[in-house]
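**Q** One structure is given below, represented as structure tokens, and several questions about it will come after.
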């Protein structure tokens, strides 16, 4: 499992390049099975979740090769549409293979996906959308069997703008006969990246990034080359780290348009942010101010994936701040760990009240999920002394060699094996 030892009290300084987005890479890797031949995907982060997706594709019969940050997927030899249960349980994003396999091969078998325990994340919207396209579903012995004798276009309105459901339905609709309209679609940048990849392959998609997506079905797709967009959550995490430590950092390979509300809230705390094309400079004097309220929401609102890191920042901001978590009901598990470090946080249902303290104190804490783990690392960077963070395999699911990334900015952090 391993743990991090973090020596805090050192400002982050220097430059680092942000890697490609995990949440864009995973559905794009899944979509690569929709075209016979070899697709080349650039700037794919080397993360545990990505390795699981590679293993799933290999188990289906695809040839998968990684060279540096480039992954090549040759789907020519795919001979199975049954996703192995042990791999399915390791990662939530394994569900992305439902739409692509069903669309190209007419059948797929999956089990309940795994991932971080941050609240209820049912797959009912995925299932309903695929059924509307003509899929027949049967559940037996913990497995979901899906079959379709040719998918047909439809109109489907999502109850909530679920990113995963939007992506799954979108991938299936691309090879369906006729036109599909997806209403109340998720608008995240990762949706746009997936649509760009599919359109390169020959799909006909309009409206990605808007509330309504239009898909004109095509008969086949071709393999292509594609570069993954920068990871906005990693970018936001590093921005918050600079703010908490009173540092000055330069982040390369960023997309400012993906960070609007996060940058705005950081500037409210007193942080200076400058953009120059795909380079961002973040400067903090270490004196942070509270913010009136942050409410997580679907894009373009405040991302739930940065709620925990931003809460870590607010624990040392002067005044009282309020955070409301509206996306996942169990995403406050990091609160008890931050309290171990001296944070003053009260939680009432889905609302947290954070009273800033002058400084955090080092402690032994435990990551409870991916983003909570990142928040505890940031808290360790701000606390003078040695903080240890257990269960860092969770952090490895979303941050490529996090200790090296932070080390390049002057942080004193190293990985210890159990």
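The values are calculated or read from the model by the stated rules, or taken from the named source; none is laboratory data. What you are looking at is a predicted structure, and each value in this text was computed from that prediction instead of being measured. For neighbour counting, all protein chains shown are included, and Cβ atoms are generated from backbone atoms with ideal geometry for every residue, glycine included.
**Q** Of everything in the range 274-284, what is buried (at least 18 other Cβ atoms within 10 Å of the Cβ) and more than 23 Å from the chain's Cα centre (by Cα)? Give them in sequence order.
**A** 284
**Q** Residue 31: touching a helix residue (DSSP H, G or I) at 6+ places or on another chain (Cβ under 6 Å) and crowded, with 19+ Cβ neighbours inside 10 Å, yes or no?
**A** Yes; evaluated as a whole, the condition is true for this residue.
**Q** Would you point out the residue of the range 285-299, among those that are in contact (Cβ under 8 Å) with a residue 60 or more places away in the chain and more than 25 Å from the chain's Cα centre (by Cα), that is surrounded by the most Cβ atoms within 10 Å (Cβ to Cβ)?
**A** Only one residue fits best here, namely 288.
**Q** Within the group 40, 56, which residue is under 26 Å from residue 394 (Cβ atoms) and touching a residue at least 40 places away in the same chain (Cβ under 8 Å)?
**A** Residue meeting the stated conditions: 56.
**Q** While we're on this one: Would you point out which residue out of 242, 263 is touching a residue at least 24 places away in the same chain (Cβ under 8 Å) and buried (at least 23 other Cβ atoms within 10 Å of the Cβ)?
**A** It is 242.
**Q** Still on this model: Condition first: buried (at least 23 other Cβ atoms within 10 Å of the Cβ), in contact (Cβ under 8 Å) with a residue 40 or more places away in the chain and within 21 Å of residue 26 (Cβ to Cβ). Now tell me which residues in the range 245-260 satisfy that.
**A** 254, 258, listed by residue number.
**Q** Considering the range 147-176 alone, what residues qualify as being buried (at least 19 other Cβ atoms within 10 Å of the Cβ), outside any loop (DSSP other than H, G, I, E, B) and free of Cβ contacts under 8 Å to residues at least 40 places away in the same chain?
**A** Within the range 147-176, 156 is the sole residue that qualifies.
**Q** I'm checking my understanding of the structure. Among residues of the range 403-418 that are out of contact with any helix residue (DSSP H, G or I) (no Cβ under 8 Å at 6 or more places or on another chain) and not in a loop (DSSP other than H, G, I, E, B), which one is surrounded by the most Cβ atoms within 10 Å (Cβ to Cβ)?
**A** Step by step, filter the range 403-418, then rank; the result is 403.
**Q** Can you find a residue in the range 183-191 that is without any contact (Cβ under 8 Å) to a residue 40 or more places away in the chain and surrounded by fewer than 24 Cβ atoms within 10 Å (Cβ to Cβ)?
**A** Yes: the range 183-191 contains one or more residues that are without any contact (Cβ under 8 Å) to a residue 40 or more places away in the chain and surrounded by fewer than 24 Cβ atoms within 10 Å (Cβ to Cβ).
**Q** Kindly indicate whether residue 135 is crowded, with 22+ Cβ neighbours inside 10 Å, in contact with a strand residue (DSSP E or B) (Cβ under 6 Å, 6 or more places away or on another chain) and closer than 20 Å to residue 297 by Cα.
**A** When the stated conditions are applied, residue 135 does not pass them.
**Q** Give the range 281-299 a look and list any residue that's in a strand (DSSP E or B) and under 23 Å from residue 384 (Cα atoms), or say none.
**A** 282, 283, 289, listed by residue number.
**Q** Pick from the range 207-218 the residues that are closer than 30 Å to residue 296 by Cα and in contact with a helix residue (DSSP H, G or I) (Cβ under 9 Å, 6 or more places away or on another chain): which of them is surrounded by the most Cβ atoms within 10 Å (Cβ to Cβ)?
**A** If we take residues in the range 207-218 being closer than 30 Å to residue 296 by Cα and in contact with a helix residue (DSSP H, G or I) (Cβ under 9 Å, 6 or more places away or on another chain), then 215 is surrounded by the most Cβ atoms within 10 Å (Cβ to Cβ).
**Q** Can you pull out every residue in the range 304-323 that is at pLDDT 95 or above and in contact with a strand residue (DSSP E or B) (Cβ under 7 Å, 6 or more places away or on another chain)?
**A** Result: 307, 310, 311, 314, 315, 317, 318, 319, 320, 321, 322, 323.
**Q** Please go through the range 72-94 and give me each residue that is surrounded by fewer than 20 Cβ atoms within 10 Å (Cβ to Cβ), over 9 Å from residue 62 (Cα atoms) and in contact with a strand residue (DSSP E or B) (Cβ under 6 Å, 6 or more places away or on another chain), ordered by number.
**A** Matches in the range 72-94: 72, 82, 85.
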